[in-house]
Amino acid sequence: MAKNAGVRVEMPVQDPLIRRTNFDEVALGYSEEMAKEEAARCLQCKTRPCVDGCPVNVQIPEFIAAINDGEYQQAYESIVETNVLPAVCGRVCPQESQCEARCVRGRKGEAVAIGRLERFVADWHLEHSKSAADGFQSNGHKVAVIGAGPAGLSCAGDLASRGYEVTVFEAFHTSGGVLVYGIPEFRLPKHIVEAEVKALQTAGVTIRTNCVVGRTISVDELFEQGYEAVFIGSGAGLPSFLGIEGESLLGVYSANEYLTRMNLMHAYDEAYDTPLRKHRRVAVIGGGNVAMDAARCALRMGAEEVSIVYRRSMVELPARVEEVHHAQEEGIVFNLLTNPIRILGDESNRVRALECLRMELCEPDESGRCRPAAVQGSNFEIEVDSVIIAIGTSPNPLIHRTTDNLDINRWGGIIVDEQTMQTTRPGVFAGGDAVTGSATVILAMGAGKIAAQSIDDYIQSKAQETQEA
Amino acid sequence: MFTIIRKKALNNDVTLMEIEAPDISRKAKPGQFIIYRIDEQGERIPLTIADTNPETGTVTIIFQQVGASTKMLAALSEGDSILDFVGPLGSPSHLEGIERACIIGGGVGCAIAYPQAKELHRRGAAVDVIVGFRSKELVILEDEFREVCDNFYITTDDGSYGEKGFVTDRLKALLDAGNVYDEVIAIGPVPMMKFVSKLTKEYDVKTTVSLNPIMIDGTGMCGGCRVTVGGEVKFACVDGPEFDGHQVDFDELMHRNSFYQEQERGHACRLTGGMANG
């Protein structure tokens, strides 16, 4: 047993003062000893509440038991039975509100660090595996998946393991979706995503990059080309702006633009051609994980001061506690109860300040969060030369606009039957942020899995009908 | 990888390339664009499609060397390949119902104006073309334009070829002479489009312009290409790139397009090791 079973084994991290100047991964991962010590804290409950807390139902007690036995390959196999991106999920899942929130250990102390253990196993595998050809056996049916992000990859992986010939159509030049354009290198190294995508390709998934469904090819044409079902996992890529004065000034970015330049296009690296201006004082508007990511990127680009501007208080911040904590350690300033009302420019149209109002919290609203109200006459300016807007994204309308009989709700999300992920058009399924609007990697993966099952049922029942006829 | 099938220098700064990209070639319509990336370190650069040949599966692009990425592209030869080539992006031009049009091209913008003239001509519309260049040695696509229009006018700023003056001078003369157009389509440098739009507004002639703002993904994701049109924010990559010239805030667009110029000038070109714009 561990020295103090109530406390989890700490994971080493880069020193905040050092890491704020580099793009290397912040959290360094468990060593074998640490993993074994932490694994020993698992009570192996019969009721397995943690598994129910996981959107893809990772067999958590099994994989932790395997770590305990030093059987890391077995632990890996146990995880990938239900989760095709373990190294990704071990890093970016909000475990504290999912599996770890249900951990019995958590009642009297700290929950077992399931995420850190998952990461350990996945990283161990990446380091030690010899990528053997998986011996993919086709069942003769073709499925098209739109978008190589978490939802699409999860759906594709599950379908390939059942013998489907899956082609993933990706608009960008690189697979991974938000994992490569959104989440920064220091939180999720790109070589990790690349390795997990490669594992899927080895397992029989074909990926076609540079193909924008809705432009290069339509959903109708996919069916004409012999795909029997289509899964739409095109994400929520459309950035929202505030609609306040000054949003077109130079130095105002959507978080999507800022992060895409940084992550997908490697703008922080001199060897790459994509430019990114260095700013001195940056305000990031929003309080989610994306806002934290953008703020921490801006800091690493050499900004003197980076602040989060959020209209509610610390407790309402939607970002993961760990991300907020990391941002604070690195010196990000939190301007809370602050609502931006106008961006001010200088004579050459560059951002010079952000005008804000102080807010106070009132009664909780229907979402349970306290509603902020402006304090009249409390206007003040924050001197900045850049404003990054990280207030959310909505589903990209491109596929909906170019596909008949595919209904969307008023937020632009594709309407599906939540049990099956079936859309309003037969043979077309959808899941992830394209349906829900921006949510988490793991929820998207869960939706992809459900859709894979439904697509399997759909194609098999159609094949049956054909046989009977 | 996408292979360069044909390369031709149109003038010292402007190059034509035919790229093998059958999927795009099959789908592209006038007004749409592609995004290319030369290699792993490259930027994503948007270029409007100048022509397509679905039979050979090629897409023609015509581009001016303005920065590191276009210089690197121009340095490639027939038979070489580029890493990424995606499209067709953007909304196609709305050419339905136009019976008589005046197409105006400025500089390398002629490459984008040409497919519009060609398509309108094919549809049987009467097409007048005005093209403008700084001087004679910069003239491109003259023969191509002459083949697809009824009246062809060429202006140069210094008078070294055609009429001395700007495209707006010629357009004004045509309008004053009583020529009536269903639509003016103006594609070129932002100031040119601005002044054409200003002029046609006085004459109340519908005017379409094609914008080429800074963008990354070209699918509506980054919002970097936002332009103000009729007081509303639009994304040029999906809502455009063509807009009503009378509604576009050209001054804002000019500012936004200048954002990376200093950096571009200071950017050491990977190809020559020298300064890209120096």
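The values are calculated or read from the model by the stated rules, or taken from the named source; none is laboratory data. This structure is a prediction, so every number in the text was calculated from the model and none was measured. Ideal geometry is used to build each Cβ from the backbone, glycine not excepted, and the neighbour counts take in all protein chains shown.
See the values below:
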{"read-out": "Qualifying residue in the range A:298-316 (condition: without any contact (Cβ under 8 Å) to a residue 12 or more places away in the chain and touching a strand residue (DSSP E or B) at 6+ places or on another chain (Cβ under 9 Å))", "value": "yes"}
{"read-out": "Members of the range B:1-36 found to be among the small types (G, A, S), within 17 Å of the chain's Cα centre (by Cα) and under 24 Å from B:D217 (Cα atoms), listed by number", "value": "B:A28, B:G31"}
{"read-out": "B:T208 at pLDDT 95 or above, outside the structural domain of B:G31 (by TED's automatic domain parsing) and hydroxyl-bearing (S, T, Y)", "value": "yes"}
{"read-out": "Residue count, the range A:152-173 (criterion: of a type in the set (S, T, Y) and touching a helix residue (DSSP H, G or I) at 6+ places or on another chain (Cβ under 6 Å))", "value": "1"}
{"read-out": "Filter result for the condition that a residue is under 30 Å from A:E316 (Cα atoms) and either facing chain B (nearest Cβ under 9 Å) or touching a strand residue (DSSP E or B) at 6+ places or on another chain (Cβ under 8 Å) (or both), over A:V180, A:V282, A:V197", "value": "A:V282"}
{"read-out": "Filtered residue count, the range B:151-174, keeping only those that are more than 20 Å from B:Y203 (Cβ to Cβ) and of a type in the set (D, E)", "value": "2"}
{"read-out": "Residue identified as over 17 Å from A:I183 (Cα atoms), under 18 Å from the mean Cα position of the chain (by Cα), at pLDDT 95 or above and not hydrophobic (A, V, I, L, M, F, W, C) among A:G233, A:G226", "value": "A:G233"}
{"read-out": "Residues of the range A:295-308 satisfying the condition of being within 22 Å of the chain's Cα centre (by Cα) and either crowded, with 24+ Cβ neighbours inside 10 Å or of a type in the set (F, W, Y) (or both)", "value": "A:A295, A:R296, A:C297, A:A298, A:I308"}
{"read-out": "Test result for B:D182, under 20 Å from B:P115 (Cα atoms), out of contact with any helix residue (DSSP H, G or I) (no Cβ under 9 Å at 6 or more places or on another chain) and not assigned by TED's automatic domain parsing to the domain that holds B:D84", "value": "yes"}
{"read-out": "Pair list, Cβ under 6 Å, 6 or more apart: the range A:264-275 residue more than 8 Å from chain B (Cβ to nearest Cβ) and within 19 Å of A:V178 (Cα to Cα), other residue in a loop (DSSP other than H, G, I, E, B) and of a type outside the set (G, A, S)", "value": "A:A267/A:T274; A:A267/A:L276; A:Y268/A:F23"}
{"read-out": "Some residue of the range A:327-338 being at pLDDT 95 or above, more than 26 Å from the chain's Cα centre (by Cα) and under 15 Å from A:I389 (Cβ atoms)", "value": "yes"}
{"read-out": "Spans of helices (runs of 4 or more DSSP H) in the range B:164-267 with at least 1 residues without any contact (Cβ under 8 Å) to a residue 24 or more places away in the chain and within 14 Å of chain A (Cβ to nearest Cβ)", "value": "B:250-257, B:261-266"}
{"read-out": "The one condition in (1) buried (at least 24 other Cβ atoms within 10 Å of the Cβ); (2) within 9 Å of chain B (Cβ to nearest Cβ); (3) farther than 22 Å from B:G223 by Cα that A:R215 fails to fulfil", "value": "(3)"}
{"read-out": "Answer residue from the range A:4-57, given it is among the acidic types (D, E) and more than 24 Å from A:P184 (Cα to Cα) and is nearest to the chain's Cα centre (by Cα) among those", "value": "A:D52"}
{"read-out": "The range A:216-258, subset assigned by TED's automatic domain parsing to the domain that holds A:R425 and part of a helix (DSSP H, G or I), residue nearest to B:F250 (Cα to Cα)", "value": "A:V219"}
{"read-out": "Selection from the range B:233-252 of residues that are farther than 18 Å from B:T200 by Cβ and buried (at least 21 other Cβ atoms within 10 Å of the Cβ)", "value": "B:F235, B:A236, B:C237, B:V238, B:G240, B:P241"}
{"read-out": "The range A:183-215, residues that are assigned to a helix (DSSP H, G or I) and in contact with a Pro (Cβ under 9 Å, 6 or more places away or on another chain)", "value": "A:E196"}
{"read-out": "For B:A101: the one exception among (1) over 13 Å from B:S210 (Cβ atoms); (2) within 14 Å of chain A (Cβ to nearest Cβ); (3) touching a Phe, Trp or Tyr at 6+ places or on another chain (Cβ under 8 Å); (4) not aromatic (F, W, Y)", "value": "(2)"}
{"read-out": "A:R312 being at pLDDT below 95 and not hydroxyl-bearing (S, T, Y)", "value": "yes"}
{"read-out": "Considering residues of the range A:369-392 that are of a type in the set (G, A, S) and in a loop (DSSP other than H, G, I, E, B) only, the residue nearest to the chain's Cα centre (by Cα)", "value": "A:G392"}
{"read-out": "Top-ranked residue in the range A:438-448 [being out of contact with any Pro (no Cβ under 7 Å at 6 or more places or on another chain) and at pLDDT below 95; ranked as surrounded by the fewest Cβ atoms within 10 Å (Cβ to Cβ)]", "value": "A:A439"}
{"read-out": "Helices (runs of 4 or more DSSP H) contained in the range A:393-469 and holding at least 1 residues in contact with a Phe, Trp or Tyr (Cβ under 7 Å, 6 or more places away or on another chain)", "value": "A:441-468"}
{"read-out": "Top-ranked residue of the range A:336-351 - restricted to ones that are in contact with an Asp or Glu (Cβ under 7 Å, 6 or more places away or on another chain) and within 14 Å of another protein chain (Cβ to nearest Cβ), ranked as surrounded by the fewest Cβ atoms within 10 Å (Cβ to Cβ)", "value": "A:R350"}
{"read-out": "Single condition A:G288 does not satisfy, out of (1) more than 16 Å from A:F186 (Cβ to Cβ); (2) away from chain B (no Cβ under 12 Å); (3) out of contact with any Leu (no Cβ under 9 Å at 6 or more places or on another chain)", "value": "(3)"}
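Matching residues to (1) within 19 Å of B:C237 (Cβ to Cβ); (2) assigned by TED's automatic domain parsing to the domain that holds B:I185; (3) among the basic types (K, R); (4) in a strand (DSSP E or B):
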| site | (1), (2), (3), (4) |
| --- | --- |
| B:L16 | no, no, no, yes |
| B:I24 | yes, no, no, no |
| B:I34 | yes, no, no, yes |
| B:I61 | yes, no, no, yes |
| B:S69 | yes, no, no, no |
| B:G79 | no, no, no, no |
